[in-house]
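> Have a look at this one before I ask anything.
The values are calculated or read from the model by the stated rules, or taken from the named source; none is laboratory data. Values in this document were obtained by computation on a predicted structure and should not be read as measured data. Here the Cβ positions follow ideal geometry from the backbone for every residue, glycine too, while neighbour counts run over all protein chains shown. Protein only, heavy atoms only, side chains kept; ligands, DNA and RNA dropped before computing areas. Shrake-Rupley method; radii C 1.70, N 1.55, O 1.52, S 1.80 Å.
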Amino acid sequence: MRVHIQELQEGCILSEDVFSMTNRPIIGQKTVLTKGLIDILKVFLIEEAVVEKTLVNGLPFIPAEMLEDVQNAQETKVNDSVFLDTFLIGVQSYKKEFLAWQSGLPIDIAKIRNIMIPLIDKMERNPSGIFSLHHLSTNEDYMFQHSVAVGIISAFIGKKLNFNKGEVVQLALGGCLADAGMAKINPVILQKNTPLSPEEFEDIKRHSTLSFKMVQNISLLRESTKIGIFQHHERLDGSGYPFGEQSSKINQTGKVIAVADAFHAMTSQRLYRRKQSPFKVLEMLIQDSFGKYDIQSIQALGSGIMTFSIGSRVKLSDGQNAEILFIEDKSPTRPLVKIEGTGEIVHLEKNRQLFIDEVLK
């Protein structure tokens, strides 16, 4: 929706780039607005912006001028036909469950299924949506966003690997619950915004074992899913934890969740690191795959980029927009593109300094 600059709120998500008198945008699409960013828009005398109808916290965005007609806006159900909305609502539902676990309550697997099943449905209709989740990461709710994202990305990988429906659902549940054990870690450590001490990091590393203990008696989870939760931080070269298992001793579920976990973490905004392009992260995972990550899972995730067909518009890392002309199966993150404005043809495979930063609407 297009709204006046005075109507913007913290948590609004830009639907389109915002330009001033420059060729490059002041703020890019999918950015979550903060007070500082809104102030920047005012400094540049921007009058209007186009934003999503849902705030980053999952609630509907209701401009002040409309509040008179919508008294119960905070309780309004968002249209569940949109992947983005379903994800944001799911994050808030997961957050409630996590807080319950912190208070000592057991996992209610039915509620986790109610979060993940609608997302699987939306993912199947809009598979490219998983490549936009990184835009929604916030420091405050990252842990909850991460768990739901890992669940749906794991399901996406499973579907690409031709797992059956039941196996895809199990992957979604396993990915979502892989970090459930964080609820048993000292909240002071979880909320710390400075680097962890070696002792604190060792405490954090206990979470996969704690997650396993929380799910081990849930009959609706398969044993392979429970083991995958336990092993999702193991690495093929034995450098992971808790036991430093190597490739043959790590089950398929654990390998898939490991890739989903790393992909979302590396693409998300963190206190100590800016978010990175999903396309760049995929390249980094592929380069590292022979040592740590399951190559089939990475390739399955990468195949999702193929849904961005020839003719799609993209933004490159140098700020230029381009059109995809040709995609090679062996390097889907580095297609042949034509630069808008100049018409120059660039093969990203041969221009390694450039990479796709964003797929444009």
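> If you scan the range 48-61, which residues turn out to be open to solvent by 30 Å² or more (accessible area, probe 1.4 Å) and at pLDDT below 90?
Within the range 48-61, Lys53, Asn57, Leu59 qualify.
> Examine the range 221-230 for a residue that is part of a loop (DSSP other than H, G, I, E, B), open to solvent by 30 Å² or more (accessible area, probe 1.4 Å) and at pLDDT 95 or above, and state whether such a residue exists.
Looking for residues that are part of a loop (DSSP other than H, G, I, E, B), open to solvent by 30 Å² or more (accessible area, probe 1.4 Å) and at pLDDT 95 or above, one finds at least one in the range 221-230, hence yes.
Each row is one residue, and each column tells you yes or no for (1) without any contact (Cβ under 8 Å) to a residue 40 or more places away in the chain; (2) under 19 Å from Gln296 (Cα atoms); (3) in a loop (DSSP other than H, G, I, E, B); (4) assigned by the TED database to the domain that holds Pro278.
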residue	(1), (2), (3), (4)
Phe131	no, yes, no, yes
Asn139	no, no, yes, yes
Gln145	no, no, no, yes
Gly166	yes, no, no, yes
Ala183	no, no, no, yes
Met214	no, no, no, yes
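> While we're on this one: Step by step: first the residues of the range 1-19, then only those that are among the hydrophobic types (A, V, I, L, M, F, W, C) and without any contact (Cβ under 8 Å) to a residue 60 or more places away in the chain, then the one that is surrounded by the fewest Cβ atoms within 10 Å (Cβ to Cβ). Which residue is that?
If we filter the range 1-19 for residues that are among the hydrophobic types (A, V, I, L, M, F, W, C), which is where we start, we get 1, 3, 5, 8, 12-14, 18-19.
Narrowing further to those that are without any contact (Cβ under 8 Å) to a residue 60 or more places away in the chain: 5, 8, 12, 14, 18-19.
Working: Ile5: 15, Leu8: 22, Cys12: 25, Leu14: 22, Val18: 21, Phe19: 13.
The qualifying residue surrounded by the fewest Cβ atoms within 10 Å (Cβ to Cβ) is Phe19.
> Is at least one residue of the range 115-132 within 16 Å of Thr267 (Cα to Cα) and at pLDDT 95 or above?
Of the residues in the range 115-132, the ones within 16 Å of Thr267 (Cα to Cα) are 128-132.
Applying the additional criterion that residues be at pLDDT 95 or above yields none.
No, the range 115-132 has no match at all.
> Do we have Gly244 as surrounded by fewer than 17 Cβ atoms within 10 Å (Cβ to Cβ), over 22 Å from Ser93 (Cα atoms) and small (Gly, Ala, Ser) here?
When the stated conditions are applied, Gly244 passes them.
> Residues of the range 20-43 being in a loop (DSSP other than H, G, I, E, B), modelled with pLDDT of 90 or more and surrounded by fewer than 14 Cβ atoms within 10 Å (Cβ to Cβ), which ones?
Thr34
> Among the residues of the range 227-239, are any touching a strand residue (DSSP E or B) at 6+ places or on another chain (Cβ under 9 Å), assigned by the TED database to the domain that holds Gln296 and small (Gly, Ala, Ser)?
Scanning the range 227-239, I find at least one residue that is touching a strand residue (DSSP E or B) at 6+ places or on another chain (Cβ under 9 Å), assigned by the TED database to the domain that holds Gln296 and small (Gly, Ala, Ser), so the answer is yes.
> Would the range 169-180 turn up any residue that is outside any helix (DSSP H, G or I) and crowded, with 19+ Cβ neighbours inside 10 Å?
Scanning the range 169-180, I find at least one residue that is outside any helix (DSSP H, G or I) and crowded, with 19+ Cβ neighbours inside 10 Å, so the answer is yes.
> Inside the range 281-295, can you point out the residues that are at pLDDT 85 or above and surrounded by fewer than 16 Cβ atoms within 10 Å (Cβ to Cβ)?
Met284, Ile295
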